[in-house]
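First up is the structure itself, then whatever we jot down about it.
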Amino acid sequence: MTKSRTAVIVGAGVGGMCAGALLARRGWQVTVVERIDQVGGRARTQNVGGYHLPRGAVAFQLTGALPKICQEVGAEFEVRPVSETWFWIKGDEQFVQLPGRGGIKKMLEMFSRVHGGDKAGAMAQVGLQLAMARVGAAFKDPLAITEGEDGPTFREWLQQHTDNAELLGLFHAITSAVSAVNDFEYPARHWFAHFSSKALDARVDEFGLVAGGYQAVASALADVIRECGGQVRLGTPVQRILA
């Protein structure tokens, strides 16, 4: 009789749960330990007054490593595909949908439409147009951010080209919504690696919303581990590792 291999995984975030489910399906005896009383890590869901609010990730990418792993191990949860145009801006008493594709130029054109027009003062409108022109030109030259290991944060990089509060607010809203990280917390080069027109043209992003919240992904992976005879022990902080 072959002795089963054992694995102890510290942390029940999505990465830990993926590793645990993959090992469990391959016959390993898996134990996952997690300090808090929920799975999901930064991608968990919190119930606040009856509303399920995301603590991190919002949309589930329908292509890539994570859906492939979930399919391989048989993790079951409901995903509802959404349109790729899921950004909106408000101005002059109307909401306008921003394109999911089309690059920075198209986004700035629509931003100008709702924040410009007859209601804007002439000098204010000129200032906005100049700011957008500078930002648009800067996005065409992302190589300017190669200084240092990571370079400036995205907000620091953007502030080199504009101090327009409305433009800064627009990019802050988009970057924080997509990445669940503020624009002053991650390097500008990460934006160009993922959100630039060139990067978007190189891939086809399809997203969905997870019914019950993104934590359902980690919960489904936990179910796989348990089905294979493993354990997911919550409220179990690790004090030290002895090997």
Förster radius 22 Å - calculated FRET efficiency between residue 52 and residue 72, Cβ distance, rounded to 0.05: 0.20
Long-range amide H partners of residue 32 with built H, under 5 Å: 9, 231, 232, 233
Estimated vicinal HN-Hα couplings, Hz - segment 62-78 in sequence order (Karplus 6.51, -1.76, 1.60; Gly, Pro = x): 7, 10, x, 5, 4, x, 5, 5, 4, 5, 4, 8, x, 6, 10, 7, 8
Gain upon complete extension [residue 227, residue 80; 0.36 nm per residue less C-alpha separation]: 50.4 nm
Förster-model FRET efficiency, 25 Å R0, residue 29 and residue 240, C-beta, rounded to 0.05: 0.70
Packing-based ranking, highest mean first, of 21-28, 47-54 given that Cβ atoms within 10 Å are counted: 21-28, 47-54
Per-pair calculated FRET efficiency, R0 = 41 Å: residue 206 and residue 37 via Cβ, rounded to 0.05: 0.80
Inter-site label distance for residue 10 and residue 63 at 7 Å from Cα along Cβ, in nm: 3.7 nm
Potential extension, residue 190-residue 159 segment - 0.36 nm per residue separation minus Cα distance: 9.5 nm
5 angstrom amide H check on residue 38, placed H, neighbours 5+ away: 235
Alpha carbon centroid spacing (whole Å) that separates segment 229-243 from segment 1-69: 14 Å
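Read-outs: derived from the displayed coordinates by stated rules, not from any lab. If you're wondering where the values come from, they're calculated on a predicted model, not measured in any experiment. Methodologically, a virtual Cβ is constructed for each residue, glycine included, from the backbone with ideal geometry; neighbour enumeration extends over all protein chains shown.
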